[in-house]
Each structure stands twice: as structure tokens, then as C-alpha cells.
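Peer 1: Take this structure, written in C-alpha cells, and hold onto it; I'll ask about it next.
The values are calculated or read from the model by the stated rules, or taken from the named source; none is laboratory data. Note that this is a predicted model, so its numbers are computed, not measured. Here the Cβ positions follow ideal geometry from the backbone for every residue, glycine too, while neighbour counts run over all protein chains shown.
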Amino acid sequence: MVSSEHSPTGVIWARTGPNAGNSNGTLVPGFTMNGMTFLEDGSDVRPFIKGDVYAAPNRSGSTKSMSGGPEAAIGNRAFGSGVAGNQVISRTAFGAVKYEFSESLSGFAQIMAGRSESNTVSLRGGSSLQDGWFATIYRENAFLPASVAKAMDTANITSFQLHKLGSNLGANEPGVGSDNKGVFGTYSWSVGFDAVLPNGWDMRASWQQGESHKRTGIYDEIRVDRMFLAMDAVRDPKTGAIVCCRHR
């Protein structure tokens, strides 16, 4: 089961009307690229192949889903499945001493310390550009295939929605290499004494103190603002270099 509206390589939709912003609305007439999906290298587009069971994303009340077919296989490969887990590194230490002052009195001291670290590094991109969080791709985008640019000119539109979710292993996309770390540490120390009292009574007194802490951090996480700026890359009219549209 996968979406009929988005894919790991991105599906093109040009919509109009008051509901276009929440991934509904009417498809722009005359735009021949509606429902097309990009090749894995982004160099061009191809038809999005409908599955055996298909719910059109623009129908009222649609589940926007489908099953079967090559697109389902591509979609399933774009998400991790099966057994998964984090790297865990644990370290512990314990020390204790005891001294007998007499046959009826002894003192002791001990210390304990531990540290547990959990790490995971993302091997796939993590951008979520589906439903109402789609990306808007403009006509002057520097990486736009010529066929798509021509279709936009023919339909007289300046932008379209790109719906994308999922990432294939090996694809250099935002979120690859994101490093999540969690560290839990604790220590405790105690001192005390044991005494043998008259009439067969024993007594122990001790003082214990400790502290625990937890630290978490995410490194090289997706900067959503920069991701969208990168999607607005254009060619500098003077040099032809690919630059952010804000730096033209």
C-alpha cells in the first residue's frame, strides 16, 4: 500500500482554486505533466504507473492510496523495514572498601558509576513533502527538465506542487547523515559503619548520595528553511552559475 499522490522521486501536480493549498483543488487544464513522476536522477519525468487498486488523489473523499504495480515496489524500498535498532554503548564501574576497627565495629565506603549512550545515524533522507506540506517548484528552477519547463510554458503556469515522501538508500537527500545521540549517566557513593551491640543486636548506619542526568542531541538535522531555499535555485543571469534565488 502506497500513496497515489506522492512518491520517493516526487509527483507533479499543478492545482488551482481555493483548496489548492491543502493539496486539493482543480487540476490546471492543459498541463500535460500532472501526475508524472521524476526519474531517480531528476533528469526527466515519466508516467506514474497506477496500481491494481487505485484511488485518484483528486477525487472527493479519496484515500489517495493504491496497491500493486511498480510504483508500490519503489515506494516500499524507500522506507526502512524489518529489524532495526540503535547502537548502544554501556560502561559501568564499582568500587568498595571495608575496614575493621575492632571485632565489633567496621566502616565501609563504596562508589558506583554508569554511562549508557544510544546512537543512530540516518541512512535515508528525511524530508516530508506530502499532502499540505508539498514543495512549490517554480518555472525558473535551475534543475527543471526541459520537458517540464516547456509544458509549464504551454499551460501558462509559473509553478507546480511537488509531492514527495520516502528516500532510497544511496540518494544524497536532505536528512542523510543526521546523527541522534542520547546519553544517560548516573553515579552514587555511600559511607557507613556496622556495629555489633550488646545482647546480640546489630546496627548499620550509612549516608548515600548520587545524581543522574540525561542529555540528548541531534546533529546535522534538516534545516527546513535552507532546504526550501535550495529548491529555489536559479541560474545567475550574468554568470550562468546556479545560485539561491535570493542571491541573484
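Peer 1: Scan the range 156-167 and tell me whether some residue there is surrounded by 14 or more Cβ atoms within 10 Å (Cβ to Cβ) and basic (Lys, Arg).
Peer 2: Yes: one or more hits.
Peer 1: Shifting gears a bit: With the requirement that a residue be of a type in the set (D, E, K, R) and part of a helix (DSSP H, G or I), what does the range 140-154 give you? I'd like the intermediate steps shown before the answer.
Peer 2: So in the range 140-154, the residues of a type in the set (D, E, K, R) come out as 140, 150, 153.
Hits for the range 140-154 are LYS150, ASP153.
Peer 1: Determine, yes or no, whether GLY200 is closer than 30 Å to GLU100 by Cα and over 47 Å from the mean Cα position of the chain (by Cα).
Peer 2: The answer is yes for GLY200.
Peer 1: Across the range 200-227, what is the total count of residues that are on the phi < 0 side of the Ramachandran plot, charged (D, E, K, R) and in a loop (DSSP other than H, G, I, E, B)?
Peer 2: Number satisfying all stated conditions: 2.
Peer 1: Being modelled with pLDDT of 90 or more and assigned to a loop (DSSP other than H, G, I, E, B) is the requirement here; does THR32 meet it?
Peer 2: Against the criterion (modelled with pLDDT of 90 or more and assigned to a loop (DSSP other than H, G, I, E, B)), THR32 qualifies.
Peer 1: Any chance you could count how many residues in the range 199-222 are free of Cβ contacts under 8 Å to residues at least 12 places away in the same chain and of a type outside the set (S, T, N, Q)? Spell out how you get there, then give the answer.
Peer 2: Our first condition is that a residue be free of Cβ contacts under 8 Å to residues at least 12 places away in the same chain; within the range 199-222, this holds for 199-203.
Retained after the next criterion (residues that are of a type outside the set (S, T, N, Q)): 200-203.
Qualifying residue count for the region: 4.
Peer 1: Something else: Starting from residues that are under 14 Å from SER190 (Cβ atoms) and hydrophobic (A, V, I, L, M, F, W, C), keep the ones in the range 85-117 and report whichever is farthest from the chain's Cα centre (by Cα).
Peer 2: For the range 85-117, the residue satisfying everything is PHE108.
Peer 1: Something else now. Could you say whether any residue in the range 48-68 is touching a Lys or Arg at 6+ places or on another chain (Cβ under 9 Å), part of a strand (DSSP E or B) and either surrounded by 13 or more Cβ atoms within 10 Å (Cβ to Cβ) or aliphatic (A, V, I, L, M) (or both)?
Peer 2: Checking the range 48-68: at least one residue is touching a Lys or Arg at 6+ places or on another chain (Cβ under 9 Å), part of a strand (DSSP E or B) and either surrounded by 13 or more Cβ atoms within 10 Å (Cβ to Cβ) or aliphatic (A, V, I, L, M) (or both).
Peer 1: Of the residues that sit in the range 5-36 and are under 19 Å from PRO145 (Cα atoms) and of a type in the set (S, T, N, Q), which one is surrounded by the fewest Cβ atoms within 10 Å (Cβ to Cβ)?
Peer 2: Looking at residues that are under 19 Å from PRO145 (Cα atoms) and of a type in the set (S, T, N, Q), I get THR32.
Peer 1: Among the candidates GLU103, GLU71, GLU40, which residue alone is acidic (Asp, Glu) and surrounded by 14 or more Cβ atoms within 10 Å (Cβ to Cβ)?
Peer 2: One residue alone meets the criteria, GLU71.
Peer 1: Still on this model: Select from the range 69-93 the residues that are over 27 Å from ALA146 (Cβ atoms) and either part of a strand (DSSP E or B) or among the β-branched types (Val, Ile, Thr) (or both) and list them in ascending order.
Peer 2: VAL83, GLN87, VAL88, ILE89, SER90, ARG91, THR92, ALA93, listed by residue number.
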